[in-house]
Structures are given as C-alpha cells and as structure tokens.
Amino acid sequence: MWIWQQADWPKFHWNASRVDALLRQVYFNQGQLLGKQMLSHDDSQLTSAAALDTLLANIIHSSAIEGEKLNAASVRSSLAKKLGVSEDKPYPTTVQTDGLADIMLDALKNLDTELTLERILGWHKQLFLQGYTLFNPVIGGALRGDTPMQVVSGRIDKPTVHFEAPSRATLDAELSQFIEWFNASRQDLGLDPLIRAAITHLWFVTLHPLDDGNGRITRLLTDLALAQAEKRSIRFYAMSVSILARRQAYYDILESTQRGDVDITPWLVWFFEILNDCLLNAMADVNKTLRKTQYWQNVDQSLLSQDQAKVLNRMLDGDFELGMNSSQYQKVAKVSRATATRHLAQMVEQGFLVKADAGGRSTRYLLPSGQ
C-alpha cells in the first residue's frame, strides 16, 4: 500500500525523541547564521545582494534536481530587476526567467497571502509557458489528466513502479484538504513550524497533482513554509542546493516513505539533517565573508595595486589553500613573470603575504597566520 492508501492518511505522526534533538540543532544554527549574516552585511544593498544570490541558487538548483539547466546569468538579472538591485553588466532576460523570478518572489515575499489552488496553478503556468518545449507539451496552469500518475523505471515489459499518486478522481478533494491544512496549520501552536515545512514537502509531492513540475512546485511550497516559520522573506540559505548534492538519497527517502505508513519519522530526520547541512554550509560562506571584511579592515589597502588586491581576494575566498606561486599569480592578475615576482616580493615586505618554507621555483606565498 502507498502512504495515501493508509486508513489514517494524512494523520502523520513521528517519534519526537528522534526528531527533537535535530530540531534544536536546526534552530541553533538558524540563529547563528542570522547573527553572522547581519555582521557581514551592514547595509541594505549588501543584504539585498546576498538575498539575490540565495534566491538564484534556489531556482537554479531546484531545476537541476529535475535535470533542467537554466541560464544562471539570465535568471540573476531577472531577480535583480525585480529586487531593484543594480548590476554593472545586466544579462538579457527572457519571459521564462522573469516568470521564475516572479514565482520565487511571490512565494517568499507574500508570506501572509493565503495559499489557493489558483496561486499554485499560477506558479505552474509560469514554469510551463506556452511553447515551453515541443518535446514536453505540458499545459501550464492545469492539473494532471486521467492517466494514472506513476514514476516508473526499467524495461517496458517489466517496469518497476517507484511511486503511484492518488487517482485523478480523488485529486481535487485531496488538494483541497492539503490547502486547507496549509493555511490553518500556521496558527497551530502544537505543530512546530519546521515540522510543518517538512510535512508540506512530503504531502504535496505525494499528491503529485501536475503532469510535470511537481518537484519544483513542492520545493517552492517548502520555501514558503520555511519563510513563514522564520517570519522573514529574506533568507540566506538555499535548501535545494543540499538536496541536489544528495539527489539519489532524496528520491530514495521519498520512495521509502511513500511505501510506508503515516509514521514519517525517517522523512523528518532526513529533512532536518539536510536543512542542518544547508545552514552549516551557508555559515561557512558567511565566515569567509567575515574573514575578508576583517582582513581588509586591518590592512592599508592604499599600498596595493588593483591586481594585488584581486589576488588577495581570491586567496581570502579559499581558492589557493596551499598557497599561491608566481605562475598562478601571473594567470590570475594577467601580468608578466617579472611583474608577478615583483608584486609578490612587495606583498611579503608589506606583510600582506608570507613565504612558505620551500624555496626556488616552488616558492609559495600564504596569507599570514590567522587570516
């Protein structure tokens, strides 16, 4: 039996003792990330740029989970235009990338707007614009038809059914129940908001109400639920990035959960482990930004040429963890060997870099200890 065929569907339950410790970690790391982010971005323009990067990562990686590769530069320019963030060299946008920006911003900025079927189908229509692809003629903004919705692999004569969604005959009632729960559960003091986000993900993807795009709409709803949990439209982590890195495990846990009963403990554990990983990765990125900020505050930048500053920024980003040699400096700064040697010697003399122990042609230059 599939999970939606259980007699007590969708009355989910879970082992609180296995979930609560993970939840505490997630909440702790959320607070840490927010605090560090506020330290690293002390003006609204920088905060908007960081939010833009997070939104971009969510859109690009959510599509990549389904095997679709988007033009990141075009999506970024669409987001920047909608957010009012100026770009030095904006990339041409398309109706599709503008639509992707619209639905992501609608999900994250309109936190108090009631979820309706019309809103969900509006997002879907933006995903599948008319003429989207000749090879996948999905009708955007419409629920799936009467053909059974199955995820199948293997030979045609001996297929393996990984998942089957509720029939079309019951879909309207199932969706109405989900949407009613989603709107009402925000006020449920007995339901943790992050558990609500995890249930949102599992429940909607189980219904699989669309011919295509179910995963992307599911993750959009999850982002909405997470933003509602934090009561913040600006977020600095993209869960789709961590899901893409574990795409097969993602499909495996969804399949095993949908083949089970309404005890969703394994799914919650997986979801919060991924969310925690996402937060830790975001904090590592913020730490790099803080390190760069602190470094530049403690040195005399007027002593550096533009090329030297460029190289130092790359090193502070962690691109040359084993140190930089003269040849690498040449390539990054696009200067001659003699200029590279002279620049590096100056940076050592002024304290921006230190020489590693090895000498000769293999000499490497490192950031001072603690940088």
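Quick check for me: using +1 on Lys/Arg Cβ and -1 on Asp/Glu Cβ, what's the dipole size of segment 55-149 about its Cα centre, in debye to the nearest 20? Don't skip to the end; give the middle numbers.
On the way: 9 positive and 11 negative charges, 46 e Å.
Dipole size: approximately 220 debye.
In Å, what Rg and Dmax follow from the Cα atoms of segment 148-302?
19.5, 72
Leaving out ligands, DNA and RNA, what percent of the accessible area of the chain is carbon and sulfur, probe 1.4 Å? Let's see the in-between values first.
Working: 9670 of 18940 Å².
Carbon and sulfur: 51 percent of the exposed surface of the chain.
Any idea what angle helix 72-83 forms with the longest principal axis of the chain, computed on alpha-carbon atoms, 0 to 90 degrees, nearest 10?
Taking Cα atoms only, the helix is inclined about 80 degrees.
Have a look at Q297, L220, H61 and report the one farthest towards the positive end of the charge dipole of the chain, computed about the Cα centre with Cβ charges (Lys/Arg +1, Asp/Glu -1).
Q297
Please report, in debye to the nearest 20, how large the charge dipole of segment 234-371 is about its Cα centre when each Lys and Arg carries +1 at its beta carbon and each Asp and Glu carries -1 there. Mind dumping the intermediate values first?
On the way: 16 positive and 14 negative charges, 178 e Å.
Roughly 860 debye, rounded to the nearest 20.
Under unit Cβ charges (Lys, Arg +1; Asp, Glu -1), what dipole magnitude, rounded to 20 debye, does segment 3-290 have relative to its Cα centre?
Details: 27 positive and 34 negative charges, 99 e Å.
Charge dipole of segment 3-290: 480 debye, to the nearest 20.
For a 28 Å ceiling on Cα separation, which of these pairs sit above it: K36/K69; K11/K36; K36/K109?
K36/K69; K11/K36
Ratio of alpha-carbon Rg to the 2.2 N^0.38 Å globular estimate for the chain, to two decimals, please. Spell out each step's value before the answer.
Working: Rg = 24.6 Å, N = 371, 2.2 N^0.38 = 20.8 Å.
Here the answer is 1.18, to two decimals.
Provide the per residue accessible area, probe 1.4 Å, for the chain, rounded to a whole number of square angstrom. If you can, show how the numbers build up before the last one.
Details: 18940 Å² over 371 residues.
The answer is 51 Å² per residue.
Sorted by average packing, counted as other Cβ atoms within 10 angstrom per residue and highest first, what order do 325-335, 63-73, 94-104 take? Don't skip to the end; give the middle numbers.
Working: 325-335: 16.5, 63-73: 14.6, 94-104: 19.6.
Result, highest mean Cβ count within 10 Å first: 94-104, 325-335, 63-73.
Given points 7 Å out from each Cα along the Cα-Cβ axis, report the W296 to A284 separation in nanometres with one decimal.
2.3 nm
So if R0 is 51 Å, what FRET efficiency would R155 and K310 give, r being the distance between their Cβ atoms, rounded to the nearest 0.05?
0.40
Angle between the Cα long axis of helix 247-258 and the longest principal axis of the chain, 0 to 90 degrees, nearest 10?
20 degrees
Averaging the inverse of every distinct alpha carbon separation and then flipping it gives the Kirkwood radius. What is it for segment 273-371, in angstrom units? Please report the intermediate quantities before stating the final value.
Numbers: mean 1/r = 0.0691 Å⁻¹.
For segment 273-371, the Kirkwood estimate is 14.5 Å.
Computed from the mean reciprocal separation of all distinct C-alpha pairs, what Kirkwood hydrodynamic radius does segment 54-171 have, in Å?
Roughly 16.6 Å, rounded to one decimal.
The values are calculated or read from the model by the stated rules, or taken from the named source; none is laboratory data. The structure displayed is predicted, hence computed values, not measured ones. As a convention, Cβ positions derive from the backbone with ideal geometry for all residues, glycine included, and neighbour counts pool all protein chains shown. Ligands, DNA and RNA are stripped out before the accessible areas are found, and what is left, the full protein with its side chains, is counted by its heavy atoms. Shrake-Rupley method; radii C 1.70, N 1.55, O 1.52, S 1.80 Å.
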